[in-house]
Amino acid sequence: MKLGMVTDSLAELTLAEAAKVCRSLGLEQVELGCGNWSPAPHVNLGALTADAGERRHLMDTLAENDLEISALNCSGNPLFPGEKGARDRAVAEKTFTLAEQLGLKTVVMMSGLPGGCPEDRTPTWIVTSWPPETLEILKYQWQLAIPAWKELARKANDHGIERIALEFHGWQLVYSTETLLRLRGEVGDILGVNLDPSHLFWMGADPLAVAEALKGCIYHVHIKDVRLERAAGPNTLLDTKGVLEYATRSWNFVTPGTGHDESWWRSFLAKLRDCGYDGPLSIEQEDYTIPTRLALEQAAALLRRVLPA
């Protein structure tokens, strides 16, 4: 397994500056955001897909710092009703083009989420089977999602993409082992998981059990932790407060080791290895309680201590 990071964590820096930070941390890979929910701080999709010189400059900048690209990330909502979904799909398709041009085989995405009926203008996330209307909504959403994802997978395959790593997240149609396997069963083995334990923690799953259940389907891994806060008191873990309101949230994204201790992370990486995963470990820094650089240093140091021999 190789250590890397999502360069969105250093969005305020140029690519050259971010690459130097990665090198100073002893990282080997970078995951580059290409748009949609990423601000794409280090990727100009239009310029890179149109100009081989721009692509050479990108790769040379990384090579000067002994870095390679683990994956491109274009997470967004390709199933959003109307023009918004069309725009997100266009970014995904251009990301497939860039991946082909750069010789990359993995793209990280999220499944997206449709509306609950043809008239909806925004998505609807269903996480319960009651009231009875929820089942009709889910039926409609899956009937829409399956052909849409078959078409996305076809376009990805046309560009030589072998792995689309879907990240489990709230407000997505795919947010669990069952939902991933359902979509994968319909669309094909090009779909797998970007396994990010942080979201599993707040949704109540055991990341080690998820890894075991998805053996052979783990295409990418994000390294991020969650701390369940005692301050939640009478509140549930379904928390709609913004991430910068960390003092009053029920849970927070935190630096690995501060939500779950070092022994847990050692067990997680050992489980990945047991499941046959030997791919990227991509740090995604979203801990707003400490300075970014300190968080990255702590995460990289912890990973080096717990990497399986």
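Side notes on the structure shown:
- Cleavage-rule hits (GluC sites (Glu not before Pro)) in segment 1-95: DSSP loop, at most 13 neighbouring Cβ within 10 angstrom: Glu12, Glu64
- Whole-percent carbon and sulfur share, accessible surface of the chain, 1.4 Å: 52
- When the charge dipole of the chain is built from unit charges on Cβ atoms (+1 for Lys and Arg, -1 for Asp and Glu) and taken about the Cα centre, the candidate among Gln141, Ala40, Thr177 whose Cα reaches farthest toward its positive end is Thr177.
- Extension gain for the segment Ile146 to Arg182, taken as residue separation times 0.36 nm less the Cα-Cα distance, is 12.0 nm to one decimal.
- Using heavy atoms of the protein chains and a probe of 1.4 Å, the accessible area assigned to Cys22 is about 0 Å².
- Listed by chain and number, the aspartates and glutamates placed with their C-alpha closer than 14 angstrom to that of Lys241 are Glu229; residues fewer than eight positions away on the same chain are left out.
- Computed from phi, the 3J(HN,Hα) profile of segment 291-300 under the Karplus parametrisation 6.51, -1.76, 1.60 (θ = phi - 60°) reads x, 4, 4, 5, 4, 5, 4, 5, 5, 5 Hz, with x in place of Gly and Pro.
- Dipole magnitude for segment 83-232: computed about the Cα centre from +1 point charges on Lys and Arg Cβ and -1 point charges on Asp and Glu Cβ, it is near 240 debye.
- Computed [θ] at 222 nm, helices only, for the chain once each DSSP H run of length n ≥ 4 contributes -39500 (n - 2.57): -13000 deg cm²/dmol
- Relative contact order %, the chain, counting alpha carbon pairs below 8 Å whose residues are six or more apart: 16
- Each part gets one Cα centre, and for segment 1-78 versus segment 198-244 those centres are 25 Å apart.
- The listed peptides 179-185, 94-100, ordered by packing as a protection proxy, come out as 94-100, 179-185 (highest mean of other Cβ atoms within 10 Å first).
- Computed with a 1.4 Å probe over protein heavy atoms only, the accessible surface of the chain comes to 44 Å² per residue.
- For the listed peptides 253-266, 156-169, a ranking on the average number of other beta carbons within 10 Å per residue, highest first, reads 156-169, 253-266.
The values are calculated or read from the model by the stated rules, or taken from the named source; none is laboratory data. What you see is a predicted model, and the numbers here were worked out from it, not measured in a lab. A quick note on method: Cβ atoms are made from the backbone with ideal geometry, for glycine too, and the neighbour counts reach across all protein chains shown. Just the protein is used for accessible areas: all its heavy atoms, side chains included, with ligands, DNA and RNA removed. Shrake-Rupley method; radii C 1.70, N 1.55, O 1.52, S 1.80 Å.
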